[in-house]
Amino acid sequence: MPATDEAVRMPRAPWITAAVAGVVLAGLIVTYLAFLRGDIHDADRARAANRHLVAGDLNAEESRAVDAAATEMLNLVSFRRAQFEADWQRALDGVTGAVRSDVQSKKQLTLNAMTKGKFDLDGRVTHKALEGPVGSGQKRGYTVLVTIEGYRSTAPDVPLQQNFEVTVVHQGTRWLAANVSNIGLD
């Protein structure tokens, strides 16, 4: 039986698909080598430049600033109804500027909510990290990242995680929180 043209002819669809896949693969390889590989080298250089910035390598002033930021944030989220005035004063003593004004304005609102809900507020610092220095001259300070798990005494197993960017400034012999931003999770 003689071979017909249709029996000998191979389908073209698989070859076209393979050719398109090959062109796409070549494009991805070129994109990786030309653009993405450079970003990896930049990241490696940045990592190498910041290698000295591990937690144990902070100088004494940086360590005090990081600890102060964590302490002041903990003070701002920890209040007991039985000792509310003392706890509130402790929180006020650790802040300055606009943060102090904000804290002062929320005193009665906070106490009313705690009294009505019959709960105390407590917190635990889970992470703290130095972001970098701010200011110059007489006004020196640091920006610190602080993560806190806050609790109500009525629901101690339901923490509320809060992430803060805190600017602490050195005033007199103390580090005070001068700016606080709540950082949301994306």
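The values are calculated or read from the model by the stated rules, or taken from the named source; none is laboratory data. The shown structure was predicted, so the numbers you read here are calculated from the model rather than taken from an experiment. Note that we place each Cβ from the backbone using ideal geometry, even for glycine, and neighbour counts take in every protein chain shown. Note: areas computed on protein heavy atoms with side chains; ligands, DNA, RNA excluded. Shrake-Rupley method; radii C 1.70, N 1.55, O 1.52, S 1.80 Å.
Given a 1.4 angstrom probe, what's the average accessible area per residue across the stretch 77-186, in square angstrom?
Per-residue accessible area for the stretch 77-186 comes out at 61 Å².
Ignoring ligands, DNA and RNA, please state the percent of accessible area on the stretch 85-186 from carbon and sulfur, probe 1.4 Å.
52 percent
May I ask you to derive the relative contact order of the stretch 57-186, considering only C-alpha pairs under 8 Å and at least 6 residues apart, and to give it as an integer percent?
Relative contact order here is 26 percent.
Starting from the amide H of Gly141, placed 1.01 Å from N in the peptide plane, find each other amide H under 5 Å away whose residue is 5 or more places distant or on another chain.
The answer is Val134.
Quick one: Karplus J couplings for the stretch 64-79, per residue in order, coefficients 6.51, -1.76, 1.60, θ = phi - 60°, nearest Hz, x for Gly and Pro?
Going residue by residue, I get 5, 5, 5, 5, 5, 4, 5, 4, 5, 5, 5, 4, 6, 10, 10, 9 Hz, with x marking Gly and Pro.
With a 10 Å radius around each residue's Cβ, average the other Cβ atoms per peptide and rank 120-129, 77-86, 90-99, 151-160, highest first.
Descending mean neighbour count gives 90-99, 120-129, 77-86, 151-160.
Would you kindly derive the ³J(HN,Hα) couplings of the stretch 80-85 from the backbone phi angles with the Karplus curve 6.51 cos²θ - 1.76 cosθ + 1.60 (θ = phi - 60°), listing them in order in whole Hz, with x for Gly and Pro?
My calculation for the stretch 80-85 gives 10, 4, 5, 10, 4, 4 Hz in order.
Compute the distance from the alpha-carbon center of the stretch 125-168 to that of the stretch 59-112, in whole Å.
About 12 Å separates the Cα centre of the stretch 125-168 from the one of the stretch 59-112.
Ordered by packing density, taken as the mean number of other Cβ atoms within 10 Å over each peptide's residues, highest first, how do 108-119, 19-30, 172-183, 63-74 rank?
63-74, 172-183, 108-119, 19-30
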